[in-house]
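Just below is one structure, and these are the notes that go with it.
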Amino acid sequence: MPSPSEPGSGRVADAVAGHWADRLAPAGARPYLRLARIERPIGWWLLLLPCWWSAALAATAAGNPGPHLGHLVLFLIGAVVMRGAGSTYNDIADRKLDAQVERTRSRPLPSGQVTTKQAAAFLVAQALVGLAVLLQFNATAILVGMLSLAPVAIYPFMKRVMPMPQAVLGLAFGWGALMGWVAVFGRLDPPALWLYAGTICWIVGYDTIYAVQDIEDDEIVGIHSSARLFGTRLRLAVGLCYAGTIALFVPALIGAGAGAGLLSWLGLGLFAAHLARQVMHLSERDGLRALALFRSNRDAGLILFAGLAADALWQGLH
């Protein structure tokens, strides 16, 4: 009988154990839920949080008492389905490489749980839901959202040709830092651009931590990653990425029109402290610790959002 991490078991090696997708979902739906990474919510959290940051910062700039609740819900739905669509697309593109890596060979495509045509149909279905969400925003936000498809489309292939594909992932996953602002104002202003730039640095940092898990397999297969690139300088490199994040967030908060107050700065300070703690505990060959540190970025991002949202609420009511 295969172990839970072997292809024949129907389980995915790096999935969250005991998730409802493995316990309660119909057997036929489980491979599709795994394609969408439903059992690993950290991905959609990390896609969602820049949207929420931007929405909260825009609320402060607009003088609104907190971020637009409807926008927050739409961003949540959009993040879940578009993360699922992106993961499905990535798995289709990487199905042959995934079959050669211990952590990924039990995923639905390389293990044969679904066919490529079935995965493609599922990708289209998720993308249509994402489009329906996007169409709820203003015309400029729709255009900006459509433009995000460019980095999403090229990212899966970058690990074959560039030493730091995490930079392209940052362009794609950080796009929400633009969306919250443009959804409120119908335009892009410097605070949103600074927030986007800082978010890219944050993503390069945390995905470098994530890539520590695959260093040995990536070296064998020939997949590029920032973890391989930085090697023994991993902690320094991640520290510089995170320092860049904070440095770029500062002008986002003080930029013309942002109007961030004390609570925003408190949130940013606690966020910075969380990132510093990650760097202190990072080791270039400890994959289990790296995964835990990577996942902790959800909490870091929620801390920053809480500060920004509380600031918008306080200023909007006074």
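The values are calculated or read from the model by the stated rules, or taken from the named source; none is laboratory data. Remember, predicted model here, so these are calculated numbers, not experimental data. We place every Cβ from the backbone using ideal geometry, glycine too, and count neighbours over all the protein chains shown. Accessible surface areas use protein heavy atoms only, side chains included; no ligands, DNA or RNA. Shrake-Rupley method; radii C 1.70, N 1.55, O 1.52, S 1.80 Å.
Once the other residues with Cβ under 14 Å from the Cβ of ARG235 are scored (Lys, Arg +1; Asp, Glu -1), what is the net sum? Could the numbers behind the result be given before it?
On the way: positive: ARG233, ARG277, ARG285, ARG289; negative: GLU284, ASP286.
Here the charged neighbours net out to +2.
Which of these, VAL182, VAL129, VAL204, has the largest mean-square fluctuation under a Gaussian network model of the chain (Cα springs below 10 Å)?
Looking only at VAL182, VAL129, VAL204, the largest GNM fluctuation is found for VAL129.
Let me cross-check MET280: its accessible surface, 1.4 Å probe, with only protein heavy atoms counted, in Å² to the nearest 10?
Answer for MET280: close to 140 Å² accessible.
So for ARG105, ARG235, what's the accessible-area order with a 1.4 Å probe, most first? Don't jump to the answer; show the numbers that get you there.
Numbers: ARG105 75, ARG235 120 Å².
The ranking, largest first, comes out as ARG235, ARG105.
Output the DSSP H helices from the chain with an along-axis C-alpha extent of no less than 15 Å and a mean Kyte-Doolittle hydropathy no less than 0.5. Please report the intermediate quantities before stating the final value.
Numbers: long enough: 42-62 (30 Å, 1.41); 69-98 (42 Å, 0.54); 116-134 (27 Å, 1.55); 190-211 (31 Å, 0.85); 234-254 (31 Å, 1.90); 262-281 (29 Å, 1.01); 297-317 (30 Å, 0.70).
Membrane-span-like by this rule: 42-62, 69-98, 116-134, 190-211, 234-254, 262-281, 297-317.
Please work out how much length the chain gains when fully extended from THR140 to LEU266, using 0.36 nm per residue of separation minus the C-alpha to C-alpha distance, in nm with one decimal. Don't skip to the end; give the middle numbers.
Details: separation 126, 0.36 × 126 = 45.36 nm, distance 3.17 nm.
That works out to 42.2 nm of additional length.
With a 1.4 Å probe and every protein chain kept in, tell me what percent of the accessible surface of the stretch 190-318 is carbon plus sulfur.
Details: 3770 of 5620 Å².
Carbon-and-sulfur percentage of accessible area, whole number: 67.
Considering only protein heavy atoms, what is the solvent-accessible area of TRP265 at a probe of 1.4 Å, reported in Å² to the nearest 10?
90 Å²
As a check on your grasp of the helix formula, calculate [θ] at 222 nm for the chain: sum -39500 (n - 2.57) over DSSP H runs of n ≥ 4, divide by the residue count, round to the nearest 500. It would help to have the intermediate numbers written out before the result.
Numbers: 16 runs with 222 residues, N = 318.
Mean residue ellipticity at 222 nm (helix-derived): -22500 deg cm²/dmol.
Roll a 1.4 angstrom probe over the protein heavy atoms and tell me the percent of accessible area of the stretch 31-87 that is carbon or sulfur. If you can, show how the numbers build up before the last one.
On the way: 1210 of 1610 Å².
C and S atoms contribute 75 percent here.
Ignoring everything but the protein chains, give the 1.4 Å probe accessible area of MET158 in square angstrom, nearest 10.
About 40 Å², rounded to the nearest 10.
When only C-alpha pairs under 8 Å and at least 6 residues apart count, what is the relative contact order of the chain, in percent?
Working: 523 pairs, mean separation 72.6, N = 318.
Relative contact order for the chain comes out at 23 percent.
When only the heavy atoms of the protein chains count and the probe is 1.4 Å, how do ARG40, ARG103 rank by accessible area, highest first?
Working: ARG40 20, ARG103 40 Å².
Most to least solvent-accessible, the answer reads ARG103, ARG40.
Only Cα pairs within less than 10 Å get springs; with that Gaussian network setup on the chain, which residue of GLY205, GLY170, GLY259 has the largest fluctuation?
For the chain, modelled as a Gaussian network with Cα springs under 10 Å, the answer is GLY259.
Residues of the chain: accessible area per residue at 1.4 Å, in Å²?
Values: 13550 Å² over 318 residues.
Computed with neighbouring chains in place, this is 43 Å² per residue.
What does the charge add up to near ALA36, with Lys and Arg as +1, Asp and Glu as -1, over the other residues with Cβ less than 14 Å from its Cβ?
Details: positive: ARG30, ARG34, ARG37, ARG40, ARG83, ARG107; negative: ASP22, GLU39, ASP91.
Overall, the nearby charge balance is +3.
Evaluate the relative contact order of the stretch 113-199 (contact order divided by residue number), counting alpha-carbon pairs under 8 angstrom at least 6 apart; express in whole percent.
Working: 56 pairs, mean separation 23.5, N = 87.
Relative contact order comes out at 27 percent.
Go through [x] 17.9, 54; [y] 19.4, 64; [z] 23.9, 79 and flag the label whose value is the computed Rg and Dmax of the Cα atoms in Å for this structure.
Step by step, Rg and Dmax of the Cα atoms in Å for this structure corresponds to label [y].
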